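The structure appears below as structure tokens.
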Amino acid sequence: MSAEFRELLKKVGSGAHTHKDLTREEAHQAATMMLTGVATPAQIGAFLIAQRIKRPTGIELAGMLDAYSELGATLDTIPNTSYPLTILGIPYDGRSRTAPISPITALILACHNIPVLMHGGKTMPTKYGLPLIEIWQNLGIDLSQLTIEKAQNLLAKTNFSFLYLPQHFPLANKLVQYREEIGKRPPLATLELIWQPYTGNSHLIAGFVHPPTEKMIREALHLRGVKQFTLIKGLEGSPDLKLAQTTIVCINSSDKEEGYEYLKIHPEEFGLTRHDIELKDYDSYYQELHKLVQGQQSTLLESAILNGGFYLWRCGYSPSLKEGINNVKDLLKTDKLLTKLEEIKAVLSN
């Protein structure tokens, strides 16, 4: 047992009226002791559920992210790029109700020479949804065995890369078991949305569900000096924009005293139908995904157009959302997504 960790646990776990929030340094210390196994399993489980009940502060998230930055894998700055690296913060426990479009969005960005980094693990609690790693595997790309050197090389040569939690951050992967044991998403599920494992200039794009989470994330990013971010109240907490309803987006803004502003994205303004595609079964989803990559008519087309267009605009390629949407419409009439996939496969095979 760690007596030092016990004192931190007592602060956050003392009840609704007597608990105390951790300082950034204390949160950093707590996360470090959990990741490195200094804290015992009983202490870790108790801390995570106490934090879940209390709700972490932006200060605490910043401190825990400090530990992630110190102990997790990090990709080095890639040279000769005109755009910041886009980091996609997507819930690790996957999707269970709606069809994911983020892998297509990543390919669209890479096709326009906008470097993009994704990260995630295997199927995990509490949702046990479809994870990113399996979607890429179905597209013929196995990213589960990448060394950090190969992940770096892939990014430099294709403008796309992926960090796989069991391979590149095994310390954090060991904490996944606690999600099953406590039966709720712990604060670690918020950290995975805003982890930025890259040394260079980056643009964080992350999903969220509840407004309090968005506020906590903004505070944590401010404390860590993150200047460029896009937070999307997307499908199932992902950064996938919705077709069926207006999507609320929070973006950094130097023109606003607060440093941020909100956008409302209305799909109908661009002639898109108001219907998100259900994830009825994986096989049907994969069929539609392959059609889209091959330039064929797909049920995922309009979601790809909305998301790709928005991302091209926010990442600086297109001067407006409308032009971004037009850029994606033109791209999807070609075989460029398939060509990019083949390029990624070729680099991985060498």
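What to note about this one:
- Of the residues making up the range 154-180, not one is touching a His at 6+ places or on another chain (Cβ under 6 Å) and surrounded by fewer than 21 Cβ atoms within 10 Å (Cβ to Cβ).
- Residue in the range 26-56 that is surrounded by the fewest Cβ atoms within 10 Å (Cβ to Cβ), counting only those that are in a helix (DSSP H, G or I) and over 25 Å from the mean Cα position of the chain (by Cα): Ala42
- The residues of the range 306-334 that are open to solvent by less than 30 Å² (accessible area, probe 1.4 Å), in a helix (DSSP H, G or I), in contact with a Phe, Trp or Tyr (Cβ under 8 Å, 6 or more places away or on another chain) and under 16 Å from Cys111 (Cβ atoms), listed by number, are Gly309, Gly324, Ile325.
- Test: residue in the range 69-76 that is more than 30 Å from Ile305 (Cα to Cα), at pLDDT 95 or above, over 16 Å from the mean Cα position of the chain (by Cα) and of a type in the set (D, E, K, R): yes
- In this structure, Ser238 does not satisfy being open to solvent by less than 60 Å² (accessible area, probe 1.4 Å) and more than 15 Å from the chain's Cα centre (by Cα).
- Against the criterion of being aliphatic (A, V, I, L, M) and either open to solvent by 10 Å² or more (accessible area, probe 1.4 Å) or over 26 Å from Ile148 (Cα atoms) (or both), Leu204 does not qualify.
- Of all the criteria given as (1) closer than 27 Å to Leu155 by Cα; (2) surrounded by fewer than 19 Cβ atoms within 10 Å (Cβ to Cβ), the one not satisfied by Gly183 is (1).
- Scanning the range 103-128 for residues that are outside any loop (DSSP other than H, G, I, E, B), open to solvent by less than 10 Å² (accessible area, probe 1.4 Å), under 13 Å from Tyr311 (Cα atoms) and not small (Gly, Ala, Ser) yields Pro103, Ile104, Thr105, Leu107, Ile108, Leu109, Val116.
- Test: residue in the range 70-86 that is out of contact with any helix residue (DSSP H, G or I) (no Cβ under 6 Å at 6 or more places or on another chain) and among the aromatic types (Phe, Trp, Tyr): yes
- Tyr262 meets the conditions (1) part of a loop (DSSP other than H, G, I, E, B); (2) out of contact with any Leu (no Cβ under 7 Å at 6 or more places or on another chain) in every case but one. The failed one is (1).
- The set of residues in the range 49-103 that are in contact with a His (Cβ under 6 Å, 6 or more places away or on another chain), free of Cβ contacts under 8 Å to residues at least 60 places away in the same chain and of a type in the set (A, V, I, L, M) contains only Ala67.
- Residue selected from the range 129-153 under the condition of a type outside the set (Asp, Glu), part of a helix (DSSP H, G or I) and over 24 Å from Arg95 (Cα atoms), by the criterion least open to solvent (accessible area, probe 1.4 Å): Ala151
- For the range 227-248, taking the residues that are outside any loop (DSSP other than H, G, I, E, B) and in contact (Cβ under 8 Å) with a residue 60 or more places away in the chain, the one that is nearest to Ser102 (Cα to Cα) is identified as Leu235.
- Residue match in the range 57-71 (condition: among the aromatic types (Phe, Trp, Tyr) and part of a loop (DSSP other than H, G, I, E, B)): no
- The C-beta contact set for the range 335-350 (first residue over 14 Å from Ala106 (Cα atoms), second residue modelled with pLDDT under 95, distance under 6 angstrom, 6+ apart or interchain) comprises Asp335/Gly295.
- Index of the failed condition, Gly295 passing every other in (1) out of contact with any Pro (no Cβ under 7 Å at 6 or more places or on another chain); (2) in a loop (DSSP other than H, G, I, E, B); (3) more than 30 Å from Leu191 (Cα to Cα); (4) open to solvent by 70 Å² or more (accessible area, probe 1.4 Å): (4)
The values are calculated or read from the model by the stated rules, or taken from the named source; none is laboratory data. What you see is a predicted model; the values in this text were computed from it and never measured. With ideal geometry, Cβ positions are generated from the backbone for all residues, glycine too; neighbour counts draw on all protein chains shown. Only protein heavy atoms, including side chains, enter the accessible area calculation; ligands, DNA and RNA are left aside. Shrake-Rupley method; radii C 1.70, N 1.55, O 1.52, S 1.80 Å.
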